[in-house]
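Before any comments, here is the structure.
Nothing in this text is a laboratory measurement; each read-out follows from the coordinates by a stated rule. The model shown is predicted, which means the values in this text are computed figures rather than measured ones. Don't worry about glycine lacking a Cβ; one is built from the backbone with ideal geometry, like all the others, and counts go over all protein chains shown.
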Amino acid sequence: MITVSDLRKVYRQGSDEVVALAGVSLEVPTGKIHGIVGHSGAGKSTLVRCLTLLDRPTSGTVAVNGTELTNVSDNQLRDARRRIGMVFQHANLFDSRTTAQNIAYPLELVGTPKAEITAKVTELLELVGLSKFGKAYPSQLSGGQRQRVGIARALATDPDILLCDEPTSALDPKTTDEILDLIKKLRDRLNITVLIITHEMHVVKQACDSVSLLEAGRIVEHGDLDTVINTAGSSLATTLLPLPGDAPRAEGSGDILDIIYSGEQANDPVLSSVARRFDIDINVLAGAVEQMGEHQFARLRIQLPATADTAEVVNYLKSIGVAVTQKGDAK
Amino acid sequence: MMDFFSELASNPGITKAMWPAFIETMQMTLVSGLVTVLIGIPLGVLLLTSNKNGLAPLRWLNWLLSAVIVNITRSIPFAILMIALIPFSALVVGTALGPMGASVSLTIGTIPFYARLVETALKEVSSGKIDAAKVMGSTRMQIVRKVYLPEAMPGIIDATTTTIVTLIGYTAMAGVLGGGGLGYLAYNYGYVRYELEIMVVTIVILVALVQLVQFFGDRISTRINHR
Ligand SMILES: Nc1ncnc2c1ncn2[C@@H]1O[C@H](COP(=O)(O)OP(=O)(O)OP(=O)(O)O)[C@@H](O)[C@H]1O
Ligand SMILES: [Mg+2]
């Protein structure tokens, strides 16, 4: 489990102060994969640097399984860091070392006996599916393979947390999914806590149990994936489930609703039950249905006939667990 | 043509003086090259790590190394530096003359140059690799020995090749200023006595020596470069 409380980071630029993190609090339970998304400049990289203590936070604390990592001496800091395995966007492997030697690096640092290193490296190579590549140099590997080596290296010290900074941003879609599948597999096998920093919503849909939206150094939305998506008007929901571009313009004067529903109801005929109950025709303007994690989610933009009682329909939809936003109410 | 060669074979400048001169040149190059590498690499590391964004920022040390030692020494023409260092050489090895005396000033003349090249090679190591090393819990010493030096090794080898090539050129100048060796031979026979063939042979040997160093330097550098 990783617990971040009220993390602040202020950079000084001459006489100016740049508040990169304005009090970030976060808790990820053991064995969960948590995504942190945000636009450029939101503070994602700063958060990573503070979590790994590459930069000292201005204030606030980071704790792994209850042990605080912040406010420790340099020596303790090195030990503390070994509890967090880190995966980088560009893998950052050492070019002068073979795959096996790269994975061995963190073990060499603490003087692990040779035989033990060899055994651990063999095990890790197998875990990430690179058993045949122990002697290859990073330049002889593909981007996806390099990232696998990076993951194996991060796991060498048996960390409690795997922190991934844009782990798939340099990869093509197919390789992205392979790496995400690997991360999920590792979570299942090792019961490790994973934090993925990303700007790709696809990564969140594919791999995360929960998600936080970082904006201007603050977490403005967070929660389990299904909760966040079912929250009416949440901007994570709209970015995670975008409607196909240029939805057809509404005709007539009926009210327009954006509805999102998930899980069990996604298979239920929500619309036809509304149509039958209120005896109205519903016009579907746009829609998207997507599988995220275990669940299926649907987002529709519908137009009711001008004669319908919108408030009644909205109440009914909410009563059956559908998130509703009336257009004009929110974005 | 045959004349030229038979004359060469009987010229005492070649039969008697050439070999010892060659040995002296090799002595100067090897001794000062070795000491330059031994002192220059740590100095290059210090230049890098004491920098304001380095592993162990130390402002005064960086200023001292960079501004005072390296830049000032580098801006003095080598011939002048050699003359200025005569008393120092006498102090260190007992004489300012001969290959050993010359090696002192050769070394002092090349260390700053080499240290800068080493620093440049080390700077090429991406900050991402250093971050990765830090995150894995490396000490600063481990980062230098296990990351900076191995990752920059191809560049450091190139820097060493360049420096040895430069040194061979410097030994010729040092030779004239009392160091002996091929430079002195060429000066003495080729310039003073105007025996052109000695000049030509010396040039051929020096060119061959430089080519050889460059060839092996490039080979080693390519061999260990896995990028
Ligand atoms: N070393 C620094 N000195 C001063 N300001 C900084 C520094 N690093 C980051 N910042 C500022 O902090 C804010 C957050 O930057 P950060 O790099 O964390 O964003 P990001 O979310 O990673 O963006 P991107 O997706 O583009 O990488 C920005 O306003 C940036 O200018
Ligand atoms: Mg960033």
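With only Cα atoms counted, segment A:175-236 has Rg and Dmax values of 12.6, 36 Å. Taking other C-beta atoms within 10 Å as the exposure proxy, A:V313, B:V207 rank B:V207, A:V313 from fewest upward. Backbone geometry of segment B:202-213 corresponds, through the Karplus equation with coefficients 6.51, -1.76 and 1.60 at θ = phi - 60°, to 3J(HN,Hα) couplings of 4, 4, 4, 4, 5, 4, 4, 4, 4, 4, 4, 4 Hz, x marking Gly and Pro.
Ordering B:Y194, A:Y261 by the number of other Cβ atoms within 10 Å of each residue's own Cβ, fewest first, gives B:Y194, A:Y261. Residues B:T36, A:T193, arranged from fewest to most other Cβ atoms within 10 angstrom of their Cβ, appear as A:T193, B:T36. Helix A:310-319 and the longest principal axis of the Cα set of chain A meet at an angle near 40°. The H on the amide N of A:R97, modeled in the peptide plane, is under 5 Å from the matching H of no residue at least 5 residues off or on a different chain. Rg ratio for segment B:132-212: its Cα radius of gyration over 2.2 N^0.38 Å, N being its residue count, equals 1.78.
The mean count of C-beta atoms from other chains within 10 Å of the C-beta of residues in B:121-132, rounded to a whole number, is 4.
Note on chain A: Cα-Cα pairs beyond 34 Å make up 36% of the total pair count.
Restricting the calculation to Cα atoms, segment B:42-191 yields a radius of gyration followed by a Dmax of 18.5, 63 Å. Counting 0.36 nm for each residue step from A:R189 to A:E215 and taking away their Cα separation leaves a gain of 6.1 nm. With R₀ set to 60 Å, the beta-carbon distance separating A:H199 from B:V200 gives a calculated FRET efficiency near 0.35. Rg then Dmax, both in Å and based on the Cα atoms of the protein assembly as shown: 34.4, 121.
Once the Cα atoms are used to define both axes, helix A:114-127 deviates from the longest principal axis of chain A by about 20 degrees. Pairs of lysines 8 or more apart, or on different chains, with alpha carbons under 30 Å: count those in segment B:7-157, would you? Value for segment B:7-157: 8.
Taking a straight line from the alpha carbon of A:K184, these lysines sit under 25 Å away, with near neighbours fewer than eight places off in the same chain left out: A:K32, A:K44, A:K120, A:K132, A:K174, A:K205.
Less than 9 Å Cβ to Cβ from A:S210, Lys/Arg counted +1 and Asp/Glu -1: what total charge do the surrounding residues give? Residues near A:S210 contribute -1 overall.
Note on chain A: with a GNM built from Cα contacts shorter than 10 Å, the maximum mean-square fluctuation among A:L54, A:L225, A:L300 falls on A:L54.
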